[in-house]
Amino acid sequence: MNRRAYLASLGTVTTVGIAGCSTVSGMFGEPCSGDNCDVGMTRTEFVPETYEISAGETVVWKNTSEADHTVTAYWSGKFEEGDAEYFATGDYDDFETADEEFWNEANGTISTRETFEHTFEVPGTYSYVCLPHEDGGMIGFIEVTE
């Protein structure tokens, strides 16, 4: 077999495979629209990354990708002081429990097209993460105003 022809054919297959993957990913990774959600999830990001609301409003996250995700609040003085209610998929009470449950049993995930919601009563900036995609930079922020 001609080695160059063989290697060239591998490159063609790889290119086609990558093109096919990006097309499939694009179908699932659309941001939220209309009343179905406020924050969508692509393969490795929250869309939008920062979302602003008024105190007392509810944010709805929707998994708009083909991967499983979490919405897990990072620790904040607001939670530690008891001023704000902690939020995480799986309804955990703190980051340590949510993190442990995910990494030990893959608990707290939301699958494709599933939603999670939380009502924010206390003004401030809340940061949150998707635990399995944190290393890829999947971090978001909710800015709650008066």
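Can you name every residue in segment 64-86 that is in contact with a helix residue (DSSP H, G or I) (Cβ under 9 Å, 6 or more places away or on another chain) and over 15 Å from Glu134 (Cβ atoms)?
Of all residues in segment 64-86, those in contact with a helix residue (DSSP H, G or I) (Cβ under 9 Å, 6 or more places away or on another chain) come to 64-70, 72-75, 79, 83-86.
The answer is Thr64, Ser65, Glu66, Phe79, Asp83, Ala84, Glu85, Tyr86.
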Restricting segment 69-102 to residues that are more than 19 Å from Glu57 (Cα to Cα) and of a type in the set (Ser, Thr, Tyr), the residue that is modelled with the highest pLDDT: Thr70
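Just to be sure I understand, how many residues within segment 35-84 are in a loop (DSSP other than H, G, I, E, B), hydrophobic (A, V, I, L, M, F, W, C) and surrounded by 13 or more Cβ atoms within 10 Å (Cβ to Cβ)?
Narrowing segment 35-84 to residues in a loop (DSSP other than H, G, I, E, B): 35-38, 42-45, 48-49, 55-56, 64-68, 70-71, 74-76, 81-84.
Subset that is hydrophobic (A, V, I, L, M, F, W, C): 37, 55, 67, 71, 75, 84.
Still in the list and also surrounded by 13 or more Cβ atoms within 10 Å (Cβ to Cβ): 37, 55, 67, 71, 84.
Within segment 35-84, residues that are in a loop (DSSP other than H, G, I, E, B), hydrophobic (A, V, I, L, M, F, W, C) and surrounded by 13 or more Cβ atoms within 10 Å (Cβ to Cβ) number 5.
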Close pairs from segment 48-76: first in the same structural domain as Glu134 (by TED's automatic domain parsing) and among the hydroxyl-bearing types (Ser, Thr, Tyr), partner outside any loop (DSSP other than H, G, I, E, B) and surrounded by fewer than 18 Cβ atoms within 10 Å (Cβ to Cβ), Cβ under 6 Å, at least 6 apart: Thr50/Phe141; Ser54/Thr145; Thr58/Glu117; Thr58/Thr119; Ser65/Phe28; Tyr74/Ser127
Among (1) of a type outside the set (A, V, I, L, M, F, W, C); (2) in contact with a strand residue (DSSP E or B) (Cβ under 9 Å, 6 or more places away or on another chain); (3) at pLDDT 95 or above - the single one Glu146 does not satisfy: (3)
Search result, residues across segment 20-41 that are modelled with pLDDT under 95 and either in contact with a helix residue (DSSP H, G or I) (Cβ under 7 Å, 6 or more places away or on another chain) or β-branched (Val, Ile, Thr) (or both): Thr23, Val24
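The values are calculated or read from the model by the stated rules, or taken from the named source; none is laboratory data. All values derive from a computational prediction rather than experimental measurement. Glycine gets a Cβ as well: all are built from the backbone with ideal geometry, and neighbour counts include every protein chain shown.
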